[in-house]
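Here is the structure we will look at, set down as structure tokens.
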Amino acid sequence: MLENLGKPGGPRIVVCCGSGGVGKTTVSAAIGLYGALSGLKTIVLTIDPARRLSDVLGIGEFSDKAGRVSLASFENAQGELHAMMLDAKRTFDQLVDRYAPGDMKHRILSNRYYRHLSANMGGSHEYMAMEKLYEIHEQGDWDLIVLDTPPSRRALDFLDAPRRVLNLLGHPYFMKLLRPRSRVGKLGGKVFGLVMTPFIKAVSQVIGKQAMEDLVGFFSLFNDVLLDGFQKRAKAVENLLSDPATAFVAITTPRTYPMQEARYFYDRLVSHGMPFHGFIINRVHTAAEPDGARQLLRELYDKNVLPREMIRQIEAASLLYYQLAKSDRKVIRAFARETDAGIPIVEIPMEDAEVCDMAGLLRIGRAVAQGGNPSGMGRGA
Amino acid sequence: MSTGVMHPDIARLIGRRLVLVMGKGGTGKTTVSLALAFAAEKAGKRVLLVETEEGTAIGQVFGKTQTEENPVPVTELISIARVRPKAEMTAYTQFHIKSGFIAKRITGSRLFDYLATATPGLKEIMTLGRLWRWEAARQPDGVPVYDIIIVDAPATGHVLNLLRLPKTLISMIRVGPIVSQVKQLDVLLKDDRKTALALVSLPEELPMRESLEFMGTARDETGIPVQAFFLNAVYPDIFSSPNPEIPYDELFSGAPGRLCGPVSRCAALDAVLGAARHHYARRKIHEKYLDAIRQGATCPVVEIPFFFTNHMSVREIRQIADQWAAPGARPEGVPEGDCDA
């Protein structure tokens, strides 16, 4: 999978999708590291990284400025690795800043609905992740951009046409309903005069008049000032993502729920003609029970080379491991059977400890880039 | 109904009227909600187990394709139900808008969907309103219909909204019928004899960090402290022994070469030791997080053992509840070695 990384015609953007808790951020960083060591000038855009990971990368705290990761521990590293934390609210504010004329900026930024929506609303983080991706891409400085998406299905909302993304922000239906009545004129002292039709009156009764005015205020501003810019932007983001130089991968662990989510990402990406490059199954207990393991332990037990209590413990622990490995194998086989032929599935072994150094990251990066022969192991015969 | 031998922290929790089970996605909220329901049932309580949003996991556990909005009994004492904020909001609007025609127009419009999403806390307040109507439900003789309502709450982000809700919502909406409902609910939510928050986490870095932050926020910002912390999927402590002679670190950090002499198949032995070492290393990591949470938590910490399978069925979840009901028993999932058979 991603075997062309660093080669001419290889992916320039890798978008990692998946539910929370599957190690998405770590795998994203690993893909980035692999790219950098393949000679690419690489940036990883991430959300909510673990302290452990920022320690591994040696960049202290992640921030919304790109931080350069030292590759000094690798001999002759040709590329570069940078990492940046996504800050949805700030990205949103920057967009407003870009598209709103001076006197409107403040009005939007201080609107209560805007403040709430930009920081909390489901969908705004996801949209802003894509927005940031586009912005970084437009800088033109990078050979490879790896995006660690927010862990929700909304990460793919941009697929349903830019319009839908914009709907998160300003509902067109809403605008049609309210705007002719609300726009008294933005040159006047009062920007909005809310005309209390029976309908609006009724809605106000439910959510409160003040909230209604704020809401209308926000959408009117949004519509007048920002809509065009946002729309063009969303379209450009969509084009970028459907480009063949973009590669989507879905990350999961061998568990029912994240696998369902990975499948969801796959279905949705494929139905929109997005370039899907495969599944990464992280944290797989790979080792199967060797033949005669129990006999072997009995031999040790009889020969008294270790305290007998310890041999019992080793037996108990290894049996549990093999039980889990078997369970992993079973769910991965079922997953592979349901996966369309030709879609790579890569397995990354569960390690004893959490990844704590660059070597560990590189092992994962290699496993991703060099594994995943579509006809390889794990496929049901 | 006796809770005489019940795990004291669980007994306290299932003594509440409303338990909100929270945590990051994938931490095992549903498992804990179900286990609490089974434990409460064991204590003779009539339980209502509630799913939120579009969840169907609890229904599936009981062999249903989906969970209905009205409570349906699934065992002798447990009923399950689902809260859908939108349906609640529709009912609410229809109740408050006198004109049926306008109410219909509002609830049928896409604007309405939008308002439900965009107005902070509105969804949550609708969810809570429903929960409290169940709480208030009485049989003809005045006995509550449900002794306890256990809620498999939405992921933590939403839950913070729920906890901050009175503040945010009142500041956004300020006046009107919703505000008075919020104020009533706020009182009930903060009554810790009636309501409890239970937090579920995993022994991994990010969930742990988020959980500790959440506990602080819950206590300081909302005045609704977390009353139980469930650390889920903890590897059992197989490698502990009163015998100080056992060379764990030596065996698991070094090469197993010295054992190869006495046995014939070095590679196989290596593999078995590797599998055992994995358990040993995981348990060490989990102990680190256990220690951290025992120091950092301001509430009892309940450890739930890892089950060595990728699919938690009713069987495994009942084992958790059984373990709580009889805390002395040996946890299942830790097989006895058969070497000395």
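The values are calculated or read from the model by the stated rules, or taken from the named source; none is laboratory data. Small disclaimer: the values here were computed from a predicted structure and weren't measured. Positions of Cβ are backbone-derived with ideal geometry, glycine not excepted, and every protein chain shown enters the neighbour counts. The area values use the complete protein model at the heavy-atom level, side chains included, leaving out ligands, DNA and RNA. Shrake-Rupley method; radii C 1.70, N 1.55, O 1.52, S 1.80 Å.
Out of everything in segment B:198-249 that is hydrophobic (A, V, I, L, M, F, W, C) and at the interface with chain A (Cβ under 8 Å from one of its Cβ atoms), what residue ends up being surrounded by the fewest Cβ atoms within 10 Å (Cβ to Cβ)? Among those that are hydrophobic (A, V, I, L, M, F, W, C) and at the interface with chain A (Cβ under 8 Å from one of its Cβ atoms), it is B:I246. May I ask you to verify whether B:A155 is within 14 Å of another protein chain (Cβ to nearest Cβ) and either open to solvent by 10 Å² or more (accessible area, probe 1.4 Å) or modelled with pLDDT under 70 (or both)? Spelling it out, B:A155 is indeed within 14 Å of another protein chain (Cβ to nearest Cβ) and either open to solvent by 10 Å² or more (accessible area, probe 1.4 Å) or modelled with pLDDT under 70 (or both).
I'd like the residue in segment B:1-39 that is basic (K, R) and at pLDDT 90 or above and, out of all such residues, is surrounded by the most Cβ atoms within 10 Å (Cβ to Cβ).
The selected residue is B:K29.
Checking the stated criteria, B:T67 turns out not to satisfy the condition of being assigned to a loop (DSSP other than H, G, I, E, B), modelled with pLDDT of 80 or more, within 11 Å of another protein chain (Cβ to nearest Cβ) and under 30 Å from A:R255 (Cα atoms). Return yes when A:D328 is part of a helix (DSSP H, G or I), open to solvent by 40 Å² or more (accessible area, probe 1.4 Å), out of contact with any Ser or Thr (no Cβ under 7 Å at 6 or more places or on another chain) and of a type in the set (D, E) and no when it is not. No; evaluated as a whole, the condition is false for this residue.
Can you find, within segment A:36-74, the residue that is surrounded by the fewest Cβ atoms within 10 Å (Cβ to Cβ) among those that are more than 14 Å from chain B (Cβ to nearest Cβ) and within 22 Å of A:R283 (Cβ to Cβ)? So the residue we want is A:L57.
The set of residues in segment A:257-298 that are surrounded by fewer than 17 Cβ atoms within 10 Å (Cβ to Cβ), among the polar types (S, T, N, Q) and either away from chain B (no Cβ under 14 Å) or touching a residue at least 60 places away in the same chain (Cβ under 8 Å) (or both) comprises A:S271, A:T286.
Taken as a whole, the condition of being in contact with a His (Cβ under 9 Å, 6 or more places away or on another chain) and at pLDDT 90 or above does not apply to A:R337. Only one entry in A:D328, A:D340, A:D352 is at the interface with chain B (Cβ under 9 Å from one of its Cβ atoms) and either of a type in the set (A, V, I, L, M, F, W, C) or over 21 Å from B:Y248 (Cα atoms) (or both), namely A:D328. Just wondering, is there one or more residues in segment A:304-314 that are within 25 Å of A:P349 (Cβ to Cβ) and either assigned to a helix (DSSP H, G or I) or more than 15 Å from the chain's Cα centre (by Cα) (or both)? Yes - at least one qualifying residue is present in segment A:304-314. If you go through segment B:70-96 and pick out every residue that is more than 13 Å from every other protein chain (Cβ to nearest Cβ) and free of Cβ contacts under 8 Å to residues at least 12 places away in the same chain, you end up with 3. It is to be established whether one or more residues within segment A:221-234 are touching a helix residue (DSSP H, G or I) at 6+ places or on another chain (Cβ under 6 Å), facing chain B (nearest Cβ under 9 Å), part of a helix (DSSP H, G or I) and not charged (D, E, K, R). No, segment A:221-234 contains no residue that is touching a helix residue (DSSP H, G or I) at 6+ places or on another chain (Cβ under 6 Å), facing chain B (nearest Cβ under 9 Å), part of a helix (DSSP H, G or I) and not charged (D, E, K, R). The helices (runs of 4 or more DSSP H) falling completely within segment A:23-142 that include 2 or more residues that are under 24 Å from A:L241 (Cα atoms) and of a type outside the set (A, V, I, L, M, F, W, C) map to A:24-37, A:88-99, A:124-139. Within segment A:75-95, the residues that satisfy the criterion of being farther than 17 Å from A:V146 by Cβ, open to solvent by 40 Å² or more (accessible area, probe 1.4 Å) and not charged (D, E, K, R) are A:N76, A:Q78, A:Q94. Mind checking whether some residue in segment B:80-103 is open to solvent by less than 30 Å² (accessible area, probe 1.4 Å) and under 27 Å from B:V5 (Cα atoms)? So far as segment B:80-103 goes, yes, one or more of its residues are open to solvent by less than 30 Å² (accessible area, probe 1.4 Å) and under 27 Å from B:V5 (Cα atoms).
Among the conditions (1) modelled with pLDDT of 80 or more; (2) over 18 Å from A:T149 (Cβ atoms), the only one that A:Y99 does not satisfy is (1).
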